[in-house]
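Structure in structure tokens, see below.
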Amino acid sequence: MEPVSEVLLKGELGNVDLPSLVEIAASSGDEDVAVVINTPQQDLAVFVSDGRVVHAESSNGDEGIKALAKALAAQEGTFRLEPARKAPKITIQQSWNNALLEALRLLDEQEAKISPQTTSKEENMSQGKKTRERIADVLSNLLEDSVDIIGAAVVGTDGLIYSADFPRRDADEALIAATSAAVYGLSKRTMGQISEGDFVQTLIEGTEGYMLVRSINRSVLFVAVLPRDVNLGMAFAESRTVAAELAEILKALA
Amino acid sequence: MVLDSSAMTEEQKKMWDQLVEMLLYGLEKGLWDMLGDASFAVTNTVGREMLKTLEAKGLQVEGQDPGELASSVGKFFVDNMAIADEFDIEKENSTVALHVHNCILMDVEKDLIEQGVQPFLCPFLNITMNALRQNTGGATTITQFDVNPESRRCLLRFKILE
């Protein structure tokens with residue numbers, strides 16, 4: 001691994017975990033940051049570019065999710081955050097949350113050795129779920145894992161609520177669905193007027209946070225509530241990933 | 001709103017009808033120009049308020065059966081308010097369709113369609129949609145809204161999503 005002179009942060013593993021280091025790297029203001037981990041067994045590097053984890057590698061030759069899983073499992077050794085260190089290649093294209101989940105799943109498989117029968121049963125149960133339940137599961141997982149999205153909903157452009165989970169329990173979900181659809185309608189009309197292509201997403205900034213409305217397909221929207229101190233790059237990337245996942249689920253209704 | 005139509009002359013009643021039609025046309029055309037398909041998002045919120053008003057006037061939407069809910073709304077509009085001549089219900093699996101004949105708003109709908117606007121403010125549509133969403137758990141969408149000015153028939157088809 002190539003040496004660098006400047007270090008943003010360094011320390012001992014055990015005091016801090018990989019997700020926290022990635023969060024610090026993503027919000028450091030530097031376009032490219034490498035999280036370098038040295039353990040007694042191997043050296044690892046996780047590359048963060050524009051707020052997203054794009055590559056991971058190990059001195060043992062592992063790359064991508066496999067190397068990320070090893071970095072996640074590392075418990076003793078040292079770490080340092082190296083700025084201006086660009087990823088040599090892109091091996092991780094999914095969102096940080098999804099990459100993290102995949103890496104955890106890989107670790108689980110390696111360590112717990114889940115039996116194929118159990119996996120098959122779980123898959124069948126998942127497939128047997130109704131579309132709205134699957135949507136609710138996706139939103140629930142997103143809110144559980146993300147620090148950038150604190151509330152979310154999937155709504156139709158006709159105001160239909162497929163699923164909603166907002167931090168304010170007294171939120172009028174029907175009204176939020178209707179206004180989200182109106183935001184979409186206005187934004188889409190505006191894009192048409194300025195001839196800059198199709199609608200993708202609208203971000204509304206408030207004094208205490210943000211609301212994001214993103215198109216899933218022609219008739220369904222993903223709505224996200226973001227906190228004031230959000231990493232917008234991460235939130236956009238997560239929204240893009242979850243919208244693609246929801247689009248697949250919604251194909252069942254087409 | 002309280003309007004004593006009995007005190008109106010025939011000419012005044014006609015003008016009042018024209019005014020209501022003009023307002024409805026202007027509102028739908030204006031919203032459609034701004035929001036396009038997303039104008040349908042107001043169907044639920046408009047329906048919610050209309051349903052509250054009509055429940056105070058005797059409309060009862062109870063139970064969870066989509067056919068019975070749509071039937072309650074249709075019956076109220078035809079029998080109590082006489083805004084259409086008749087209606088039929090067609091129910092199949094997760095869809096329920098409402099056929100309405102000779103609605104008093106047919107001419108406004110016809111003008112809107114001619115202007116490329118898909119009508120979305122319709123008492124049958126707005127209230128049935130809201131009643132279905134309210135009583136069946138929320139997941140109802142409109143899959144068909146055909147207005148046929150020649151036969152003076154409308155078809156509204158709703159789907160309860162799984």
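Which of the residues that make up the stretch A:46-55 are modelled with pLDDT of 90 or more, within 9 Å of A:A87 (Cβ to Cβ) and either among the aliphatic types (A, V, I, L, M) or in contact with a helix residue (DSSP H, G or I) (Cβ under 6 Å, 6 or more places away or on another chain) (or both)?
A:V48 - this is the single residue of the stretch A:46-55 that is modelled with pLDDT of 90 or more, within 9 Å of A:A87 (Cβ to Cβ) and either among the aliphatic types (A, V, I, L, M) or in contact with a helix residue (DSSP H, G or I) (Cβ under 6 Å, 6 or more places away or on another chain) (or both).
A further question follows. Counting just the residues of the stretch A:158-187 that are within 16 Å of A:R132 (Cα to Cα) and among the hydroxyl-bearing types (S, T, Y), which one comes out farthest from the other protein chains (Cβ to nearest Cβ)?
Only one residue fits best here, namely A:S163.
I'd like the full set of residues that are of a type outside the set (A, V, I, L, M) and not in a helix (DSSP H, G or I), limited to the stretch B:42-80. Even if it seems obvious, please write down each step before you answer.
Quick first cut of the stretch B:42-80, residues of a type outside the set (A, V, I, L, M) only: B:43-45, B:47-49, B:52-53, B:55, B:57-58, B:60, B:62-68, B:71-72, B:74-77, B:79-80.
B:K57, B:G58, B:Q60, B:E62, B:G63, B:Q64, B:D65, listed by residue number.
Report yes if some residue within the stretch B:102-125 is of a type in the set (F, W, Y), outside any strand (DSSP E or B), more than 12 Å from every other protein chain (Cβ to nearest Cβ) and touching a strand residue (DSSP E or B) at 6+ places or on another chain (Cβ under 7 Å); otherwise report no. Step through it out loud before you land on a result.
The first filter runs over the stretch B:102-125 and keeps only residues of a type in the set (F, W, Y), leaving B:120, B:124.
With the extra rule that they be outside any strand (DSSP E or B), the set shrinks to B:120, B:124.
Next, only the ones that are more than 12 Å from every other protein chain (Cβ to nearest Cβ) stay: B:124.
After this cut, where a residue has to be touching a strand residue (DSSP E or B) at 6+ places or on another chain (Cβ under 7 Å) as well, the list is B:124.
Taking every residue of the stretch B:102-125 in turn, at least one turns out to be of a type in the set (F, W, Y), outside any strand (DSSP E or B), more than 12 Å from every other protein chain (Cβ to nearest Cβ) and touching a strand residue (DSSP E or B) at 6+ places or on another chain (Cβ under 7 Å).
A follow-up question, please. Working carefully through the options A:T179, A:T241, A:T190, A:T157, find the one that is among the β-branched types (V, I, T) and within 30 Å of A:S28 (Cα to Cα).
Details: A:T179 fails: within 30 Å of A:S28 (Cα to Cα); A:T190 fails: within 30 Å of A:S28 (Cα to Cα); A:T157 fails: within 30 Å of A:S28 (Cα to Cα).
The conditions single out A:T241.
If I ask for residues that are in contact with a Cys (Cβ under 9 Å, 6 or more places away or on another chain) and either among the hydrophobic types (A, V, I, L, M, F, W, C) or surrounded by fewer than 17 Cβ atoms within 10 Å (Cβ to Cβ) (or both), which ones from the stretch B:121-151 would you list?
Those that are in contact with a Cys (Cβ under 9 Å, 6 or more places away or on another chain) and either among the hydrophobic types (A, V, I, L, M, F, W, C) or surrounded by fewer than 17 Cβ atoms within 10 Å (Cβ to Cβ) (or both): B:C122, B:F124, B:L125, B:F145, B:D146, B:V147, B:N148.
Of the residues in the stretch B:136-162, how many are within 11 Å of another protein chain (Cβ to nearest Cβ), assigned to a strand (DSSP E or B) and either touching a Gly at 6+ places or on another chain (Cβ under 7 Å) or of a type in the set (D, E) (or both)?
Qualifying residue count, the stretch B:136-162: 1.
With a cut-off of at least 3 residues that are closer than 16 Å to A:V242 by Cα, name the strands (runs of 3 or more DSSP E) lying wholly within the stretch A:131-211.
Values: elements: A:151-156, A:161-165, A:201-205.
Here the list reads A:151-156, A:161-165.
What residue, among those in the stretch B:51-95 that are within 14 Å of chain A (Cβ to nearest Cβ) and in contact (Cβ under 8 Å) with a residue 24 or more places away in the chain, is nearest to A:A177 (Cα to Cα)?
Looking at residues that are within 14 Å of chain A (Cβ to nearest Cβ) and in contact (Cβ under 8 Å) with a residue 24 or more places away in the chain, I get B:L51.
Regarding A:A174, is this residue over 20 Å from the mean Cα position of the chain (by Cα) and buried (at least 23 other Cβ atoms within 10 Å of the Cβ)? I'd like the intermediate steps shown before the answer.
Values: over 20 Å from the mean Cα position of the chain (by Cα): yes; buried (at least 23 other Cβ atoms within 10 Å of the Cβ): no.
Judged against the criteria, A:A174 is not a match.
Another question, then. Take the residues in the stretch B:64-97 that are over 23 Å from B:S151 (Cβ atoms) and among the hydrophobic types (A, V, I, L, M, F, W, C), then tell me which one is surrounded by the fewest Cβ atoms within 10 Å (Cβ to Cβ).
B:F76
The values are calculated or read from the model by the stated rules, or taken from the named source; none is laboratory data. Every value quoted in this text rests on a predicted model; they were computed, and no experiment measured them. In this analysis, Cβ positions are derived from the backbone assuming ideal geometry, glycine residues included, and neighbour counts consider all displayed protein chains.
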